[in-house]
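The structure under discussion appears below in the form of structure tokens.
The values are calculated or read from the model by the stated rules, or taken from the named source; none is laboratory data. These numbers were taken from a predicted model, which means no experiment stands behind them. Please note: Cβ atoms are built from the backbone with ideal geometry, for glycine as well, and neighbour counts cover all protein chains shown.
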Amino acid sequence: MDFAATLEEQLRRLIGETIQVATDNNLLEGQLTDVEDGTIELLAEAGGYERETRTVLIPLAAVNFIREL
């Protein structure tokens with residue numbers, strides 16, 4: 001696999017894909033919609049009984065790991 005020089009560049013290759021992002025307090029899963037200025041934008045389902053999606057902004061500095069699903 002050919003990896004990009006920076007994490008932001010590598011994540012831009014995954015825009016439109018479903019990913020899982022772990023922070024200290026959350027494990028989020030959703031479609032990666034944008035990566036800009038050290039922030040990931042994720043379209044994630046609200047969960048539970050709700051049938052809606054929400055845009056979640058996650059600073060790269062808060063990320064423990066990212067996994068492509």
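Okay, here's what the table says:
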{"read-out": "Any hit, region 37-48, residues being surrounded by 13 or more Cβ atoms within 10 Å (Cβ to Cβ), of a type in the set (G, A, S) and in contact with a Lys or Arg (Cβ under 7 Å, 6 or more places away or on another chain)", "value": "yes"}
{"read-out": "Pair list, Cβ < 7 Å and 6+ apart or interchain, from region 11-29 residues that are within 12 Å of I66 (Cα to Cα) and β-branched (V, I, T) to residues that are in a loop (DSSP other than H, G, I, E, B) and modelled with pLDDT under 95", "value": "T18/L69; I19/L69"}
{"read-out": "Count - residues of region 47-63 that are free of Cβ contacts under 8 Å to residues at least 12 places away in the same chain and among the polar types (S, T, N, Q)", "value": "0"}
{"read-out": "Hey, A44 part of a helix (DSSP H, G or I), without any contact (Cβ under 8 Å) to a residue 24 or more places away in the chain and of a type in the set (A, V, I, L, M, F, W, C) or not", "value": "no"}
{"read-out": "Top-ranked residue in region 1-27 [being part of a loop (DSSP other than H, G, I, E, B) and hydrophobic (A, V, I, L, M, F, W, C); ranked as surrounded by the most Cβ atoms within 10 Å (Cβ to Cβ)]", "value": "L14"}
{"read-out": "Candidate set from region 28-41 (those that are in a strand (DSSP E or B) and not hydrophobic (A, V, I, L, M, F, W, C)); member that is farthest from the chain's Cα centre (by Cα)", "value": "E36"}
